[in-house]
Structures are given as C-alpha cells and as structure tokens.
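Reading through the structure tokens given below for one structure.
Any read-out appearing in this document is the output of simple, stated calculations on the displayed coordinates, not a laboratory observation. Not measured: the values here are computed from a predicted model.
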C-alpha cells in the first residue's frame, strides 16, 4: 500500500506545472532597496563603492535621481545602470529605463543620472551591473 501511495504521488506531481526555477537551480533574491542602489554582479561588490544616492524634483516636477560610484580597483571599469521608478505605494509607475553604459577610471568616481517621465514618483531603485 505504501508503494502504491508513493507511485500515485509521483505520477500526480509529475503532471503539475513547473513554472519558476527548476530543481537544483540557485535563485538569489536581491530584493529592492528603495531609494538606493543594487549591485547585480557578485564580481563588482568588492570593486565598486556606492558613495551616495539621492533624488530631487525638476522644474517640471519629474524625478531626477543620481548615484555616485567609486572604482576601488587599479583598472578602468565598464558598467551599466538603469532605474526603476515607483509611486508612493511602491508600485511601478513607468517602464524601467534602458541600460546606460559608463566608464569609471581606475581609482576614480562617476555619477550616474536618470530622469523619470512621470510626476508621481515616490521611490526609485538603481541597478548597476558589469557591461555586457
């Protein structure tokens, strides 16, 4: 009886939908650091320092965000960044911006900037990755 039950459960589960990550696949939840910056590659965590980030309103009431990044290596870094904008209830308010590529000289710094289209922005989230 025990083997019949195991066989039944195996057959039943094999017919279930398998959306999402497959068994054995590592899934890393980086979460959203609202009004902050996320470094998406493990390889740049030791190479890039986030020196500051903030936002302001433009004359037309759109959001203008910035992040100051420092290269902590002795060679130039090529990075990409994009911004998500959210309303005051933390719901996405517009399509994520496109990836922008920029360079940071060895032991230097660079400021990434982006502007929203919407005037109802309450939060932002900047993603930074190694250039592809």
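Summary value for region 32-130: 38 percent relative contact order, contacts being C-alpha pairs under 8 angstrom separated by 6+ residues. Note that region 32-130 shows a convex hull volume over its alpha carbon atoms of 85 Å³ per residue.
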